[in-house]
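The values are calculated or read from the model by the stated rules, or taken from the named source; none is laboratory data. Given the structure is predicted, the values throughout are model-derived calculations rather than measurements. Cβ coordinates were reconstructed from backbone atoms using ideal geometry, including for glycine residues, and neighbour counts include every protein chain displayed. Note: areas computed on protein heavy atoms with side chains; ligands, DNA, RNA excluded. Shrake-Rupley method; radii C 1.70, N 1.55, O 1.52, S 1.80 Å.
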Amino acid sequence: MRIGIGSDIHRLVAGRKLIIAGVDIPSPVGELAHSDGDVVYHALSDAILGALALGDIGLYFPDSIEDTLNMDSGDIVRFVYDKMTEKGYRIGNVDINITLEQPKLKNYREKMRKNIAQLLNTSLENISVKAGTNEGLGDIGHGLAIKVDAIVLLEEI
């Protein structure tokens, strides 16, 4: 077994979509990013790459090239999934923690879990998505940012 952790944070700005785990969330602000800014998919991908000791998504999808501009972050997860299976691993479980002041995410969590499970070709019971606030503290608490932490357990096939 191998364990990996990933973390991502993005500034929230007007004029961008708020996309979390492949779900377009109605919001007046969205993630400022070179790609679509999906912080869950970014943190998840980094966690898997970390478990495999293969670096981070910036090595494979740098924000300095046009090819990655506005890319679907689901493509990043698919790329990382392929690396994982090539190395002979599968998902044991995934635990995602989203920190965001607004909007509330409880009505979207199951769709997020399903999207992640589908991308990783694993059972829904292996995917946990939790959401909380920063209690009004710091940039996240003031509605200026979103942060995600992800932990994965990989099992050898």
Degrees between helix 39-51 axis and first principal axis of the chain (Cα, 0 to 90, nearest 10):
30
Expected field for Glu156, accessible surface area in Å² at 1.4 Å probe radius, rounded to 10, holds 130
Candidates for semi-axes √(5λ) of the Cα gyration tensor in Å are (1) 25, 18, 13; (2) 72, 24, 15; (3) 22, 18, 16, and the calculated one carries label (1)
For the stretch 24-119, what is the accessible area per residue in Å² when the probe is 1.4 Å?
47
Between Gly132, Val40, Met71, whose Cα lies farthest towards the positive end of the dipole of the chain when Lys and Arg beta carbons carry +1 and Asp and Glu beta carbons carry -1, centred on the Cα centre?
Gly132
With a ≥ b ≥ c from the Cα gyration tensor eigenvalues, square-rooted, and the rule rounded for a/c under 1.5, otherwise prolate when a/b > b/c and oblate otherwise, the stretch 23-114 is oblate
Local net charge near Ser45, Cβ-Cβ under 12 Å (Lys/Arg +1, Asp/Glu -1):
-4
Suppose R0 equals 22 Å; then what is the FRET efficiency for Ile3 and Ser128 from their Cβ-Cβ distance, rounded to the nearest 0.05?
0.90
Can you tell me which of 52-60, 37-45 comes out highest on packing, and rank the rest after it, using the mean Cβ neighbours within 10 Å?
37-45, 52-60
R0 of 30 Å, Cβ-Cβ distance Asn70-Glu156: FRET efficiency to nearest 0.05
0.25
How high is the FRET efficiency between Arg11 and Asn93 when r is their beta carbon distance and R₀ equals 30 Å, given to the nearest 0.05?
0.50
Percent accessible area from carbon and sulfur atoms, the chain, protein chains only, probe 1.4 Å
50
Cut-off 11 Å between beta-carbons: net charge of the residues surrounding Gly30, Lys and Arg +1, Asp and Glu -1:
-1
So what is the relative contact order for the chain, in percent, with contacts set as C-alpha pairs under 8 Å and at least six apart?
33
Determine, for the chain, the count of lysine pairs separated by eight or more sequence positions (or lying on different chains) whose alpha-carbon distance falls under 30 Å.
26
